[in-house]
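*Asks:* Quick one: this structure, given as structure tokens, is what I'll be asking you about.
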Amino acid sequence: MNFFIKFFLINIIIITLFLTSFGFSPYKLNDDVLQIGSDENEKQDKIEKLQSDYDSLVKEYEKQKEKYDMLLEENADLDKIIIEKEEEIASKEYRVDTLEEKLKNVEDVSYIEQLESQVARLKKLLDEINPLLKNIYIGSSDPEEINYTFTAFSINYDGSFYIVTAGHCVADNYGEDGKFKFKANFSNKWIYPELIGYKADFSNLDDYAVFYSNDIESGFKVSEIETEDNYLPGSIDKGLSVFRNLGDSSKRGESGSPVVNEYGEVVGIYVVYGLVYTPIQLALDLIDDYRRGNKEEAGVDKENGI
């Protein structure tokens, strides 16, 4: 037994001396073994930390993915709603376009019918131009001469005929004793009607004068109907336009001309330039006063009119 122990110890000594001769130390080896153990622990800690971080990332990813899936589902619903709304808008736009087209067709037809009616009225008016022109007069306040003249026209009002003109033509040319004479287109006969009354305020379109005579044979029909276009028939003796649109350029001497609608009916008295005129109703009111015997209202004031 002792022999073996001795033998084992001797061998240990020999091996130690052998390792020492090559630079190995049993103490250093033990340190290396401890260092290796420490490195393994650090690696294990790092692995565990990385595993923990990985697990956290996996959980965060799963949360984000869940939210993303929910957003995808919501977007899918929104896309569906958008598609439905776009289809609804397209349907309504089609209906609007269809209605606009129908409305346009109706307006076109209505406009065409309106133009056709207007052309027919104008043609009828032109066909009757000669009889209408017979109701246009040239007027003067000079008993013998016609150095200064103005335009006038005759009307048919309640079965009687009257000559109407602009009031300022009367006020500017009153003459001696308020005597005036008139001659119709296509006639060489002068007539000398009675001046019923007048008002000469052309700036306010309150400008009219009315004469009466049994020698007046015809006259325009009067009306309050205003049409899209109005016209101005003129005095041939004064060299005016036989028939022109009210909006065209005016000429000197046209004051007192009748303003007629598309039916050839008198609606006013031409007193100034442009599209405005004295309503014929003012002259009719004066006639009504005269007929009722209101001489003071319908009478003549040589300086101030009525």
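*Asks:* Exceeding 19 Å between C-alpha atoms, which entries from my cross-link table qualify? They are LYS179/LYS199; LYS43/LYS63; LYS123/LYS189.
*Replies:* Long pairs (Cα-Cα over 19 Å): LYS43/LYS63; LYS123/LYS189.
*Asks:* If N is the number of residues in segment 167-213, what value comes out of its Cα radius of gyration divided by 2.2 N^0.38 Å?
*Replies:* Values: Rg = 11.8 Å, N = 47, 2.2 N^0.38 = 9.5 Å.
Normalised Cα radius of gyration, segment 167-213: 1.24.
*Asks:* While we're on this one: Describe numerically, in nm with one decimal, the distance between label points set 7 Å from Cα along Cα→Cβ at SER91 and at LYS43.
*Replies:* My value for the distance between the label points is 7.2 nm.
*Asks:* Next question, about the same structure. Once a ≥ b ≥ c are taken as the square roots of the eigenvalues of the Cα gyration tensor of segment 201-248, is the result rounded (a/c under 1.5), prolate (a/b larger than b/c) or oblate (a/b not larger than b/c)?
*Replies:* Taking the square roots of the gyration eigenvalues as a ≥ b ≥ c, segment 201-248 is rounded.
*Asks:* Now a separate question. What is the Rg over Rh value, at two decimals, for segment 165-246, using alpha-carbon atoms and the Kirkwood definition of Rh?
*Replies:* Details: Rg = 14.3 Å, Rh = 14.7 Å.
Using only Cα positions, Rg/Rh for segment 165-246 is 0.97.
*Asks:* Follow-up question, since we're still on this one. Can you give the FRET efficiency to the nearest 0.05 for LYS189 and GLU100, using r as the Cβ-Cβ distance and R₀ = 41 Å?
*Replies:* 0.10
*Asks:* Continuing with this model, one more query. Whole number please: convex hull volume per residue, Cα atoms of segment 131-298, in Å³.
*Replies:* Value for segment 131-298: 107 Å³ per residue.
*Asks:* What ranking, highest mean first, results for peptides 261-267, 133-139 when packing means the other Cβ atoms within 10 Å averaged over each residue?
*Replies:* 133-139, 261-267
*Asks:* Report the label-to-label distance for GLN51 and TYR68 in nanometres (one decimal), using points 7 Å from each Cα along the Cα→Cβ vector.
*Replies:* Here the modelled spin labels are 2.7 nm apart.
Just so you know, all these numbers are worked out from the coordinates, no wet-lab data involved. Since the structure is predicted, the reported quantities are computational estimates derived from the model, not experimental observations. In this analysis, Cβ positions are derived from the backbone assuming ideal geometry, glycine residues included, and neighbour counts consider all displayed protein chains.
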